[in-house]
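Input: a single structure, listed below in structure tokens.
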Amino acid sequence: MRFEWFVTKRYLKSKPRRKFVSVITLISMAGVALGVMTLIIVLGVMSGFDSFLLDKIMGTESHLLVTARQGQVVENYGKILPELESLKHVLAASPVITNLVMLERDGETAAVILKGIDLSREKKTTDLASYLKEGTLELKEGDILIGKELARNLGARLGDSIMVIPPSYEPKLTKYTIKGFFRSGYYEYDANLVYVSLRSAQKLFGLGDVATGIQVKLTDPSLAPQVAAVIKAKLHLPARTWMQFKPNLFAALKLEKTVQFIIVILIVVVAAFNIISILDMMVSEKTKDIGILKAIGATNRSIMTIFIFRGLFIGLTGTVIGSGLGLFLSYLLKAYNIIKLPANIYYLSTIPVELDGRDFIYIVSAAIVLTFLASLYPSWRASRLDPVEALCYE
């Protein structure tokens, strides 16, 4: 291998006879660098948005939701709560009643999801307390907490009365007083979710001391499927994980990220085709050298290795430069808030950037593999040159 690397270094140091070849080499490096840099920034921004959205969903929904069998309610939740909290990886659990209702205020109506909560336990399982923007979380019977977007849609203010209509064949109008506004940062929740006390929800829906589910917070959200399996095995109760709350959304985000990766990697593919061109021209330029090397005993494998090294040098140089630029620009976006966003629309003042280490490895690996594959054909063609013919026409 020392011989091949020695010749490769000589070729890298020597100037090509045609300046056009040198220009194409720089363009190829720039193409690889641009592709890698763009991939790092794009996937970093998308991962940042994914993480932001995931935090808002899990902060409102909890990591697990334990329910009774279909069509039933959890009657003995007071006994189940300590059993859940005794399980490994479980931090806290809280009962909840969830149902659809209609809200009406001054002729304005809205269909929303109403959640009855035990506030002392809710604070341990979700981030509701940190979402409070105005008012109080101390909800007594007849008090209600609504989202900021919903309040804007209904024209509601703190202390206003609002009618809640439950979904029954003989609906009864129940008047509630708005005690606070929350903003989670996720529009679907802020415009379609309201909170009352657990006792208020039980009375509103004509239930006894029961719950429709139990929210569970874990030490690590990624352990949700394993803990759900344990709950089903030990307590014989079904449990939905946070991944199942918004399956279509998470599937769409994953697909979008994959499509973006494929689209941007095409930049590297174009640069790889440039590497094929530059190596092919280099083979033509070095025909005499190849003939001499073969005449003194160089094997086909050695010749092929020399040109593969040259192609990998272009790819690795571009990858290193692109990685450095991508990480540097991502840092600038995250640390100095260069790009501003309208906070009243996105609930974010700047673009979130969060580069996953696995994404970085995938990007670098893809760039190196593509440049290696691009080097194979011209390197193989160089190794097949006949030394007699190569020297005959020089």
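Every read-out reported here was derived from the displayed coordinates using simple, explicitly stated rules and does not represent laboratory data. Just so it is clear, the structure is predicted and the values come from calculations on it, not from any experiment. Backbone-built Cβ (ideal geometry, glycine too); neighbour counts: all protein chains shown.
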Most mobile of Ala110, Ala68, Ala295 in a GNM of the chain (Cα contacts under 10 Å): Ala295
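What 222 nm value per residue comes from the helices of the chain, counting each DSSP H run with n ≥ 4 as -39,500 (n - 2.57) and dividing by all residues, nearest 500 deg cm²/dmol?
Values: 16 runs with 233 residues, N = 394.
Result for the chain, helices only: -19000 deg cm²/dmol.
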Fewest-first ranking of Met37, Met102, using other Cβ atoms within 10 Å as the exposure measure: Met102, Met37
Simple spin-label estimate for Gln244 and Glu108 in nanometres, 7 Å along Cα-Cβ: 3.7
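Looking at the chain, do any whole DSSP H helices span at least 24 angstrom along their long axis by alpha carbon and average 1.0 or above on Kyte-Doolittle, and which?
Details: long enough: 19-61 (62 Å, 1.50); 247-285 (57 Å, 1.60); 300-336 (53 Å, 1.14); 357-383 (38 Å, 0.90).
Long hydrophobic helices here: 19-61, 247-285, 300-336.
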Distance between modelled label sites at Ala335 and Ala233, nm, 7 Å Cα→Cβ extension: 4.7
Length released on extending from Asp280 to Asn76, taking residue separation times 0.36 nm less the Cα-Cα span: 65.8 nm
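For a footprinting-style exposure proxy, rank His63, His236 by other Cβ within 10 Å, fewest first. If you can, show how the numbers build up before the last one.
Details: His63 27, His236 8.
Result, fewest neighbours first: His236, His63.
Report the gain in length on full extension from Ile263 to Asp160: 0.36 nm times residue separation, minus Cα-Cα distance, nm rounded to one decimal. Present the calculation step by step, with values, prior to reporting the outcome.
Details: separation 103, 0.36 × 103 = 37.08 nm, distance 5.13 nm.
32.0 nm is the gain from fully extending Ile263 to Asp160.
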Three semi-axes of the equivalent ellipsoid, the range 153-234, Cα gyration tensor, whole Å, largest first: 31, 20, 11
Residues Ile117, Ile276, sorted so that the one with the fewest Cβ neighbours within 10 Å comes first: Ile276, Ile117
The range 243-321: translational diffusion in µm²/s, Stokes-Einstein, Kirkwood Rh over Cα pairs, 10 °C, 1.306 mPa s: 100
Gained length - Glu141 relative to Glu85, 0.36 nm times residue gap less alpha-carbon distance: 17.4 nm
Virtual spin-label span in nm between Phe273 and Ser168, 7 Å along Cα→Cβ: 6.9
Above-threshold pairs, the threshold being 22 Å between Cα atoms, out of Lys79/Lys234; Lys79/Lys232; Lys56/Lys203; Lys56/Lys246: Lys56/Lys203
At 0.692 mPa s and 37 °C, Stokes diffusion of the range 68-237 via Kirkwood alpha-carbon radius, µm² per second: 196
